[in-house]
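Here's the structure we're looking at; comments come further down.
The values are calculated or read from the model by the stated rules, or taken from the named source; none is laboratory data. Keep in mind it's a predicted model, so treat the numbers as computed, not measured. Note that each Cβ is placed from the backbone with ideal geometry, even for glycine, and that neighbours are counted across all protein chains shown. Only protein heavy atoms, including side chains, enter the accessible area calculation; ligands, DNA and RNA are left aside. Shrake-Rupley method; radii C 1.70, N 1.55, O 1.52, S 1.80 Å.
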Amino acid sequence: MGTSVEKTPQARPSEVRAVSAERPRALSPSRAGDFMRCPLLYRFRVIDKLPEKPSAAATRGTVVHAVLERLFDAPAVERTAEGARAMVPGEWEKLLAKRPELAELFEDDPRGELLAGWLGDAERLVERWFTLEDPTRLEPADRELYVETVLDSGLTLRGFIDRVDVAPSGEVRLVDYKTGKAPAAQFRSEPLFQMKFYALVMWRLRGVVPRRLQLVYLGSGDVLTYDPSEADLLAVERKLLALWEAIVLATETGDWRPRPSKLCGWCDHQAVCPEFGGTPPPYPLPVGGGGEAGSVASGQVPQGRMGQI
C-alpha cells in the first residue's frame with residue numbers, strides 16, 4: 001500500500017469480508033472436525049477468516065513436528081535423542097522468523113523463564129518419541145506429505161500426513177504425531193476419523209488401502225493403531241459427502257448454528273457467539289444462490305480448487 005497524503009474512503013469491516021470471503025471449496029480433516037464440533041466455528045474460520053490468538057500448545061506442536069520431520073534428513077546412525085533435542089531451539093527460531101506474531105506468546109516474559117520452560121517441554125516430547133519408535137530402523141517414504149484428491153461426487157479432499165511408511169511388501173502405514181495425551185477409549189472416534197480421512201485420500205490416489213493407521217501420542221507415551229478395511233473407508237466417504245451437503249446448505253442459507261460443548265471454553269470467538277451473548281459479523285456471502293459450493297455437491301469440480309484448508 002502507498003503512503004498517499006490524500007485520504008480515500010475506508011471500507012467498512014463487513015465490506016472487507018465480503019471482498020475476501022469465498023465459498024468453501026474443499027474439506028480437510030481439521031475443517032471437517034470443526035463443522036462436526038460446531039458449524040458456527042467452521043464459518044468463523046473458513047468463511048469469515050476471523051483471527052485467533054496464537055496458542056502455546058499448538059505452536060509447540062508445530063515445532064515438535066518440524067523436528068521429527070527433519071530428523072530423517074540425517075543418516076540413520078545420527079538420529080539420536082540428544083541430537084533431536086538440540087534441534088528444538090533452532091526450529092523455534094525458524095518458525096518465529098516466518099510468523100513474528102508468535103512472539104506475543106512470551107511478551108510478558110522479560111527474563112525468558114516461560115520460553116525456557118516451553119522449549120524444555122518441547123524437548124521432552126521429542127525425547128519421549130525415541131521410547132516409542134526407533135528412527136534408526138525407519139526410512140519414511142514421505143514426510144509432511146500434502147495429499148489432495150477429487151471424489152467422483154466432485155468433492156475435493158486434502159490435507160497433510162505426518163509420515164508415510166512403505167514396507168518392502170508394498171504395505172503402507174500412515175503415521176500421525178500428537179503432542180497431547182491419548183484420549184480415553186470413548187473419545188478416540190475423532191482422531192481415528194482424521195486418520196481414516198487420510199487413508200481414504202491415499203486409497204483414491206494410489207489404489208491401495210493403507211495397511212495400518214498409527215497415532216503416536218507424545219504427551220502420554222501411547223501408540224494407537226487401527227487397520228482399516230475398504231468398508232471402513234467407504235463409510236467415511238459417505239459421511240464426508242453428507243457432511244459436505246450440510247456445509248453447502250449452510251453456505252447457501254447463511255444458517256450456521258453454534259453447537260455448545262465443553263470445548264467452548266477454549267474458543268477465541270466467544271465475543272461474537274450468540275451462546276455467549278455476542279453477535280456474529282454480517283454474513284459476507286450472498287444467500288440463496290447455489291454458487292461454487294452447490295456445484296461441488298452436484299458433481300461439478302469448480303475452477304481454482306486451492307481454497308483454504
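Key figures for this structure:
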item: Subset tally (residues that are closer than 23 Å to V126 by Cα and touching a Phe, Trp or Tyr at 6+ places or on another chain (Cβ under 9 Å)) for region 192-211; result: 2
item: Some residue of region 135-154 being among the acidic types (D, E), in a strand (DSSP E or B) and touching a Leu at 6+ places or on another chain (Cβ under 8 Å); result: yes
item: Test result for T131, modelled with pLDDT of 95 or more, more than 26 Å from A26 (Cβ to Cβ) and in contact with a Gly (Cβ under 8 Å, 6 or more places away or on another chain); result: yes
item: Candidate set from region 166-199 (those that are among the basic types (K, R) and surrounded by fewer than 16 Cβ atoms within 10 Å (Cβ to Cβ)); member that is nearest to P135 (Cα to Cα); result: K181
item: Filter result (open to solvent by 60 Å² or more (accessible area, probe 1.4 Å), of a type in the set (D, E, K, R) and over 21 Å from the mean Cα position of the chain (by Cα)) within region 246-281; result: D255, R257, E275
item: Cβ-Cβ under 8 Å pairs, at least 6 apart or on other chains, region 164-191 side among the aliphatic types (A, V, I, L, M), far side part of a helix (DSSP H, G or I) and surrounded by fewer than 18 Cβ atoms within 10 Å (Cβ to Cβ); result: V172/R206
item: Top-ranked residue of region 282-298 - restricted to ones that are farther than 12 Å from R23 by Cα and modelled with pLDDT under 95, ranked as surrounded by the fewest Cβ atoms within 10 Å (Cβ to Cβ); result: G288
item: Per-region count, region 46-83, residues of a type in the set (A, V, I, L, M, F, W, C), surrounded by fewer than 14 Cβ atoms within 10 Å (Cβ to Cβ) and over 18 Å from the mean Cα position of the chain (by Cα); result: 2
item: Identity of the residue in region 112-165, of a type in the set (S, T, Y) and open to solvent by 60 Å² or more (accessible area, probe 1.4 Å), that ends up farthest from the chain's Cα centre (by Cα); result: T136
item: When residues of region 200-231 are limited to those that are in contact with a strand residue (DSSP E or B) (Cβ under 6 Å, 6 or more places away or on another chain) and in a helix (DSSP H, G or I), the one surrounded by the most Cβ atoms within 10 Å (Cβ to Cβ); result: V201
